[in-house]
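This is the structure I want to talk about, given as structure tokens.
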Amino acid sequence: MSSIHIFTGPPGSGKSSVLAELAPHFRTVAEPARTVLAHQRATGGRGTGDQDQALFVSLMLQQCLRDQQRLGDVPGPVLCDRGLPDLLAYAAYWSLPDGAIRDAIAAMPRPQTVFWFPPWQAIYAQDAERTLDFGGSAAFGALVREAYESLGFSLVEVPLAPVEG
């Protein structure tokens with residue numbers, strides 16, 4: 001059975017960069033939001049944060065559940081760019097119901113470790129999918145942290161340091 005480790009924090013805090021460095025050595029799972037957004041944009045779908053937030057969150061939940069299902073029997077550590085509790089932050093951000101997310105969290109195995117990447121203005125950059133300014137990103141990050149802590153997770157804070165190849 002796999003041991004799941006989640007990398008979380010506000011957008012643009014370095015999670016994906018660290019995971020890219022670790023990917024040659026560990027199994028990794030991509031961020032559900034980016035996966036969903038890429039598919040929705042490619043197919044002309046409405047499940048994006050700027051069009052239909054409820055559909056976007058629902059599609060991310062489906063993506064997370066598919067990812068979790070694929071990991072069930074994978075041996076060794078698996079590093080995930082975000083986890084199910086992150087979806088509670090999206091629901092809170094858009095004032096959406098979160099019952100289905102909470103049910104999924106209750107039914108899934110708890111991750112072994114949750115690594116918290118704090119807001120880091122020096123590396124923050126907006127892109128086509130990351131449209132929040134730094135303040136908005138930090139505020140969303142606070143919702144993410146609150147979601148994990150409300151579920152009783154202890155977060156391991158990652159120091160602000162460059163990724164060395």
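I want to confirm something. Restricting to the range 47-97 and keeping residues that are among the β-branched types (Val, Ile, Thr) and out of contact with any strand residue (DSSP E or B) (no Cβ under 9 Å at 6 or more places or on another chain), which single residue is farthest from Ser150 (Cα to Cα)?
If we take residues in the range 47-97 being among the β-branched types (Val, Ile, Thr) and out of contact with any strand residue (DSSP E or B) (no Cβ under 9 Å at 6 or more places or on another chain), then Thr48 is farthest from Ser150 (Cα to Cα).
Looking only at the range 103-122, which residues are in contact with a helix residue (DSSP H, G or I) (Cβ under 8 Å, 6 or more places away or on another chain) and small (Gly, Ala, Ser)?
Residue satisfying the conditions is Ala104 alone.
Right, here's the next one. Hand me the list of strands (runs of 3 or more DSSP E) wholly inside the range 1-105 holding 3 or more residues that are open to solvent by less than 20 Å² (accessible area, probe 1.4 Å). Working first, answer last.
On the way: elements: 2-8, 27-29, 76-81.
Qualifying strands (runs of 3 or more DSSP E): 2-8, 76-81.
Continuing with this model, one more query. Consider Tyr124 against the criteria (1) under 22 Å from Leu37 (Cβ atoms); (2) assigned to a helix (DSSP H, G or I); (3) open to solvent by 20 Å² or more (accessible area, probe 1.4 Å): it satisfies all of them except one. Which criterion is unmet?
(2)
Moving on. Of the residues that sit in the range 106-121 and are open to solvent by less than 30 Å² (accessible area, probe 1.4 Å) and assigned to a loop (DSSP other than H, G, I, E, B), which one is nearest to Ser2 (Cα to Cα)?
Of everything passing the filter in the range 106-121, Pro111 is nearest to Ser2 (Cα to Cα).
The values are calculated or read from the model by the stated rules, or taken from the named source; none is laboratory data. Only a predicted model underlies this, so the values are computations on that prediction, with no experimental measurement involved. We place every Cβ from the backbone using ideal geometry, glycine too, and count neighbours over all the protein chains shown. In case anyone asks, the SASA skips ligands and DNA or RNA and just uses the protein heavy atoms, side chains included. Shrake-Rupley method; radii C 1.70, N 1.55, O 1.52, S 1.80 Å.
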